[in-house]
Amino acid sequence: MAEKTQQRVAIVTGASRGIGEAIARSLGEQGRHVVCVARNAEKLDAVAKAITDAGGHASVKTCDMSDHTAVGALIDTVADEHGRLDILINNAGITRDNLMLRMSDAEWDEVMQTNLRGVFIACRAALRPMMRGKWGRIVNISSVSALVGNAGQGNYAAAKAAVIALTKSIAKEMGGKNITANAVCPGFIETDMTDVLPASIKDNVKKITALGRFGKPQEIAAAAAYLASEEAGYTTGQVITVDGGMTMC
Ligand code: NDP
């Protein structure tokens, strides 16, 4: 095992763009060593460079979160290389939207593999190094779709709701080990994921959002960074909704 890294070490999945990039940058500003994870190495390098250019510490690991052997190996490798793993942010996610009558088995399975099973494998692997360090923060990025459902997103909403249940269960199991687990439910946030949606859907979202606008990745990162902080030590099993007042639940 390598020499122990001085800073707390955080893994952020889906850190190559969007919400994950914003979370990685926030944790870098908090003084964490941020391990940026996704599939696109070039984009990850750019995010890690931005963190180090700003005076932080970061490194890059490519991993496909739907490749469950690779996910387990990734977590073990990071914990070995740094002698610790303190923070896990499960942010990587995909959509394969379709109405229920048309949804294929493949669309269901792909979303479950990345958005749910990948999260389970990562959490399970992260718990051992966190227990060794007697401190841990798990933050799972869910969605308002998990809370209220969404037409065309039966697969995605189900996976994200299961992530909340998983998060609460980890919180109950791990409270005695000083490991917290919380979820963040973003509303409509301006990223590549939502950019592709038709204008009619975007207009409707604005209408049903109290603040009358879309959210920014940094506004989700602020919630995630709080939940990953030292100060959030008495917050566990919680679901923080950051949706501009879209759902109010
Ligand atoms: P983006 O599509 O902009 O980014 C997704 C990120 O996940 C990318 O970094 C992508 O990197 C990574 N990723 C996707 N699939 C995999 C995979 N199989 N293995 C590893 N990394 C992967 O999404 P957002 O930033 O908008 O979303 C981030 C999270 O927030 C997701 O979990 C999403 O479900 C959730 N969310 C987003 C909302 C929104 O309005 N934007 C609303 C509610 C929840 P790469 O392609 O390089 O692998």
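The values are calculated or read from the model by the stated rules, or taken from the named source; none is laboratory data. Since we're looking at a predicted model, the values are computed, not measured. With ideal geometry, Cβ positions are generated from the backbone for all residues, glycine too; neighbour counts draw on all protein chains shown. When the accessible area is computed, the model is the full protein with side chains, heavy atoms only, and any ligands, DNA or RNA have been set aside. Shrake-Rupley method; radii C 1.70, N 1.55, O 1.52, S 1.80 Å.
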* Structure fact -> Relative to the chain, whose Cα atoms define the longest principal axis, helix 217-227 and its Cα axis are tilted in degrees, nearest 10, by 50 degrees
* Structure fact -> Total charge of the residues flanking T191 in space, meaning their Cβ is under 12 Å from its Cβ, with Lys and Arg +1 and Asp and Glu -1, is -3
* **Peptides ranked, highest mean first, by Cβ atoms within 10 Å: ranges 144-153, 28-37** => 28-37, 144-153
* Structure fact -> Taking a label point 7 Å from the Cα of N204 along Cα-to-Cβ, the residues of segment 77-114 whose backbone nitrogen sits under 20 Å from it are 95-104
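First select every other residue whose beta carbon is under 12 angstrom from the beta carbon of R84; then total the charges, Lys and Arg +1, Asp and Glu -1.
On the way: positive: K4, R8, R32, R128, R132, K134; negative: E3, D80, E81, D86.
Taking every other residue near R84 into account, the sum is +2.
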* To do: Note down the nm distance, to one decimal, between modelled labels 7 Å out along Cα→Cβ at K172 and at K216.
  => 3.9 nm
* Asked: Using a 1.4 Å probe on the protein chains only, how many percent of the accessible area of segment 34-152 belongs to carbon and sulfur?
  -> 50 percent
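Mind ordering 67-74, 97-104 by average Cβ neighbours within 10 Å, highest first?
Numbers: 67-74: 16.2, 97-104: 11.5.
Listed from highest to lowest mean packing, they are 67-74, 97-104.
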* Structure fact -> Per GNM of the chain with C-alpha springs under 10 angstrom, the most fluctuating residue out of L85, L116, L197 is L197
* Asked: Under a 1.4 Å probe, what is the accessible area of the chain per residue, stated in Å²?
  -> 47 Å²
